[in-house]
Amino acid sequence: SDRDQVEALFGAAVDRFGRVDLLFNNAGTGAPPVPLEDLSLEDWRRVVDVNLTGAFLCLQAAFRCMKAQSPQGGRIINNGSISAQVPRPRSVAYTATKHAMTGLTRQASLDGRAFNIACGQIDIGNAATEMTARMSRGVLQADGSVAPEPTMDVAAVGEAVAYMAGLPLEANVQFMTVMATSMPFIGRG
């Protein structure tokens, strides 16, 4: 969420490699799981700054690099999370920013088309990471119950991202969902 740090990162990439061919926009943080009306403005802004402003700044920097290089172009993969499609209870800031990621993805896909910049989105659900460790202990469900949820090996996410990244620029996966097969997603909400 810091413009100077983002610019320094992309400058270092260009200095080292001569170009930027891929951005995986994967920043994400959440807020305390409280009722919507109890979420502090500070927690809201922190999530928006990381999840949305940070992604926007990285998109901007990638666009500048990809438009300026020769040959022109590159690929951007945004992590939308399955919360970009269906919310979880008590997650207004995270859900709002991940829905906004879908808008960023669509806009970047349109604006990048003339410059050979392909932009797609991967929506990941319940990959076994530190962020999802609580899933096995039980998380709040839409019906008010608390239930454990299955997770999947994070390596499956890596394979999905690698597939998207490996496509030639004339092909694009606009949206992909990869999730634990038996997690409560279809029918949730």
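Any chance the range 84-91 includes a residue that's within 18 Å of D111 (Cα to Cα), touching a strand residue (DSSP E or B) at 6+ places or on another chain (Cβ under 8 Å), buried (at least 21 other Cβ atoms within 10 Å of the Cβ) and not aromatic (F, W, Y)? Steps first, please.
Let us first name the residues in the range 84-91 that are within 18 Å of D111 (Cα to Cα), namely none.
No, because not a single residue in the range 84-91 is within 18 Å of D111 (Cα to Cα), touching a strand residue (DSSP E or B) at 6+ places or on another chain (Cβ under 8 Å), buried (at least 21 other Cβ atoms within 10 Å of the Cβ) and not aromatic (F, W, Y).
When the residues of the range 10-20 are narrowed to those that are among the hydrophobic types (A, V, I, L, M, F, W, C) and exposed (fewer than 15 other Cβ atoms within 10 Å of the Cβ), which ends up farthest from L52 (Cα to Cα)?
Applying the first criterion (among the hydrophobic types (A, V, I, L, M, F, W, C)) to the range 10-20 yields 10, 12-14, 17, 20.
In the following step, the residues that additionally are exposed (fewer than 15 other Cβ atoms within 10 Å of the Cβ) were identified as 12, 17.
Details: A12: 23, F17: 27 Å.
The residue in question is F17.
Would you be able to tell me the number of residues in the range 1-33 that are of a type outside the set (D, E, K, R), assigned to a helix (DSSP H, G or I) and more than 20 Å from the chain's Cα centre (by Cα)?
Just the residues of the range 1-33 that are of a type outside the set (D, E, K, R), to begin with: 1, 5-6, 8-14, 17-18, 20, 22-33.
Remaining after also requiring assigned to a helix (DSSP H, G or I): 5-6, 8-14, 17.
When the remaining residues are screened for being more than 20 Å from the chain's Cα centre (by Cα), the result is 8, 11-14, 17.
Result for the range 1-33: 6.
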Identify all residues within the range 151-169 that are assigned to a helix (DSSP H, G or I) and either surrounded by 18 or more Cβ atoms within 10 Å (Cβ to Cβ) or not aromatic (F, W, Y) (or both); write none if there are none.
V154, A155, A156, V157, G158, E159, A160, V161, A162, M164, A165, G166
So which residues in the range 64-83 are closer than 17 Å to L9 by Cβ and hydrophobic (A, V, I, L, M, F, W, C), if there are any at all?
C65, M66, A68, I76, I77
So, in the range 34-51, how many residues would count as being surrounded by 15 or more Cβ atoms within 10 Å (Cβ to Cβ) and in a loop (DSSP other than H, G, I, E, B)?
1
Picking from L104, L59, L52, the residue that is in contact (Cβ under 8 Å) with a residue 40 or more places away in the chain, touching a Ser or Thr at 6+ places or on another chain (Cβ under 7 Å) and within 30 Å of L169 (Cα to Cα) would be L52
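Any residue in the range 127-134 that is out of contact with any helix residue (DSSP H, G or I) (no Cβ under 6 Å at 6 or more places or on another chain) and either touching a residue at least 60 places away in the same chain (Cβ under 8 Å) or under 30 Å from F17 (Cα atoms) (or both)?
Of the residues in the range 127-134, the ones out of contact with any helix residue (DSSP H, G or I) (no Cβ under 6 Å at 6 or more places or on another chain) are 130-134.
Next cut, either touching a residue at least 60 places away in the same chain (Cβ under 8 Å) or under 30 Å from F17 (Cα atoms) (or both) only: 131.
Taking every residue of the range 127-134 in turn, at least one turns out to be out of contact with any helix residue (DSSP H, G or I) (no Cβ under 6 Å at 6 or more places or on another chain) and either touching a residue at least 60 places away in the same chain (Cβ under 8 Å) or under 30 Å from F17 (Cα atoms) (or both).
Every number here is computed from the coordinates shown, using simple stated rules; none is lab data. Quick caveat: nothing in here was measured; it's all calculated off a predicted structure. No Cβ is skipped: glycine too gets one built from the backbone with ideal geometry, and neighbour counts run over all protein chains shown.
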